[in-house]
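Structure first, then comments.
The values are calculated or read from the model by the stated rules, or taken from the named source; none is laboratory data. Just so you know, these numbers come straight off a predicted model, no measurement behind them. Quick reminder, even Gly has a Cβ in these numbers, built from the backbone with ideal geometry, and neighbours come from all protein chains shown.
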Amino acid sequence: MSEFSDRVKGQLDQFNNSIDQIINASRGLYLKIKEESNKQFDELVKTGEAQKTADESLLTQLKKDITTPFEDVKGSLEQLKSASLGLVVKAREAGEQYFNELVERGSQKEQATE
């Protein structure tokens with residue numbers, strides 16, 4: 001009976017360890033997305049500041065864009081869509097990589113304790 005309870009306890013510990021790994025991987029994914037978003041925001045701020053010093057004012061650029069058949073806006077929307085999709089894909093890949101590393105570390109620790 002003791003062997004059975006030890007085995008069940010070991011499986012429960014392994015399950016709890018897996019849950020902890022998933023939670024840590026989720027936290028890491030959230031932080032990575034937040035970090036990437038902050039970097040992109042900073043880049044947008046720098047671009048906006050650089051535009052201030054450009055020869056053409058923002059108002060002049062807006063008037064030009066409105067009078068054209070919105071091709072620039074369509075392109076920009078497609079680029080924003082692609083960029084946001086790229087961010088999600090990059091964050092997902094990074095999350096999967098972190099998760100795999102956590103699983104590997106957990107497996108190594110489990111093997112070391114056996």
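Only one of the listed residues (15, 70) is of a type in the set (Phe, Trp, Tyr), more than 16 Å from the chain's Cα centre (by Cα) and at pLDDT 75 or above. That residue is 15. Taking the stated definitions as given, is residue 64 charged (D, E, K, R), modelled with pLDDT under 85, in a helix (DSSP H, G or I) and within 16 Å of the chain's Cα centre (by Cα)? Spelling it out, it is not the case that residue 64 is charged (D, E, K, R), modelled with pLDDT under 85, in a helix (DSSP H, G or I) and within 16 Å of the chain's Cα centre (by Cα).
A quick yes/no check of all residues on (1) free of Cβ contacts under 8 Å to residues at least 12 places away in the same chain; (2) within 23 Å of residue 106 (Cα to Cα):
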site: 5; (1), (2): yes, yes
site: 10; (1), (2): yes, yes
site: 13; (1), (2): yes, yes
site: 16; (1), (2): yes, yes
site: 23; (1), (2): yes, yes
site: 29; (1), (2): no, yes
site: 32; (1), (2): no, yes
site: 35; (1), (2): yes, no
site: 50; (1), (2): yes, no
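Restricting to the range 40-58, name every residue that is loosely packed, with under 11 Cβ neighbours inside 10 Å and either of a type outside the set (A, V, I, L, M) or modelled with pLDDT under 75 (or both). Outline the logic, then answer.
Within the range 40-58, the first condition is being loosely packed, with under 11 Cβ neighbours inside 10 Å, and the residues that meet it are 41-50, 52-56.
Once the filter is applied, which keeps residues that are loosely packed, with under 11 Cβ neighbours inside 10 Å and either of a type outside the set (A, V, I, L, M) or modelled with pLDDT under 75 (or both), the range 40-58 yields 41, 42, 43, 46, 47, 48, 49, 52, 53, 54, 55, 56.
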